Amino acid sequence: MSQLKVNSIVPVNGLPSGSNGGIIQTVQTVKTDTESLSVSSGGISSLLSGLQPSITPSSNSSKILVLVSLTTATSGGGMMLSLFRGSTQIFLADSDGSRQRVSTGQTYENAHQLGNIHITFLDSPATTSAVTYGLKLSHQSGSSHTMYVNRDHNNDNNSARGRGASSITLMEVTT
């Protein structure tokens with residue numbers, strides 16, 4: 001005899017207003033190749049290639065939970081990460097003088113160090129059209145600077161060195 005036991009079943013179109021919410025769809029994009037980005041002082045990179053997942057919300061009131069895990073490196077110093085929905089920067093700091101408004105950052109001690117930058121953000125796109133998310137990098141150097149995704153700066157073919165993977169996961173959350 002078979003049994004199916006669940007606490008609840010969430011309809012494909014979400015729950016009626018006033019009900020408890022749930023996750024009704026998930027999309028994930030994984031980047032396993034490497035990328036190098038040269039960015040001028042005070043500049044920002046183009047969107048990282050291969051990390052631009054899209055999701056189509058089923059309701060205007062749905063929220064999108066964005067989970068980012070990005071493996072990065074530089075030749076030393078700091079790197080900053082900005083989250084975008086389409087061409088709009090989201091999840092950013094308040095304006096304060098001439099400082100860059102970013103989502104988060106990472107500092108590196110040496111050229112062999114890999115770091116992992118995480119973002120967890122609940123977005124409210126207020127649409128039922130496809131929404132694409134992406135990432136751009138910037139830095140704190142006073143001159144042009146190269147930043148790396150999924151590899152270290154030196155990129156030595158050495159068993160003591162590593163390669164990484166990165167991902168963006170999107171979850172539609174009904175409210």
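One table, with the values for the structure above:
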item: Residues located in segment 130-157, provided they are open to solvent by 70 Å² or more (accessible area, probe 1.4 Å) and either of a type in the set (Phe, Trp, Tyr) or over 23 Å from Met79 (Cα atoms) (or both); result: Ala130, Asn157
item: Qualifying residue in segment 125-148 (condition: closer than 16 Å to Gln52 by Cα and of a type in the set (S, T, N, Q)); result: yes
item: Answer residue from segment 100-124, given it is of a type in the set (S, T, N, Q) and within 13 Å of the chain's Cα centre (by Cα) and is least open to solvent (accessible area, probe 1.4 Å) among those; result: Ser103
item: Every residue from segment 90-99 that is open to solvent by 70 Å² or more (accessible area, probe 1.4 Å) and on the phi < 0 side of the Ramachandran plot; result: Asp94, Ser95, Asp96, Ser98, Arg99
item: Selected residue (criterion: nearest to Glu172 (Cα to Cα)) from residues of segment 26-36 that are under 14 Å from the mean Cα position of the chain (by Cα) and surrounded by 15 or more Cβ atoms within 10 Å (Cβ to Cβ); result: Val27
item: Qualifying positions in segment 52-70 - closer than 24 Å to Arg161 by Cα and open to solvent by less than 10 Å² (accessible area, probe 1.4 Å); result: Val68, Leu70
item: Some residue of segment 37-51 being open to solvent by 60 Å² or more (accessible area, probe 1.4 Å) and assigned to a strand (DSSP E or B); result: yes
item: Residue identified as in a loop (DSSP other than H, G, I, E, B), open to solvent by less than 50 Å² (accessible area, probe 1.4 Å) and at pLDDT 90 or above among Thr169, Thr127; result: Thr127
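The values are calculated or read from the model by the stated rules, or taken from the named source; none is laboratory data. Because the structure is a prediction, the values reported are computed rather than measured. Cβ sites come from the backbone with ideal geometry, for glycine too, and all protein chains shown count toward neighbours. In case anyone asks, the SASA skips ligands and DNA or RNA and just uses the protein heavy atoms, side chains included. Shrake-Rupley method; radii C 1.70, N 1.55, O 1.52, S 1.80 Å.
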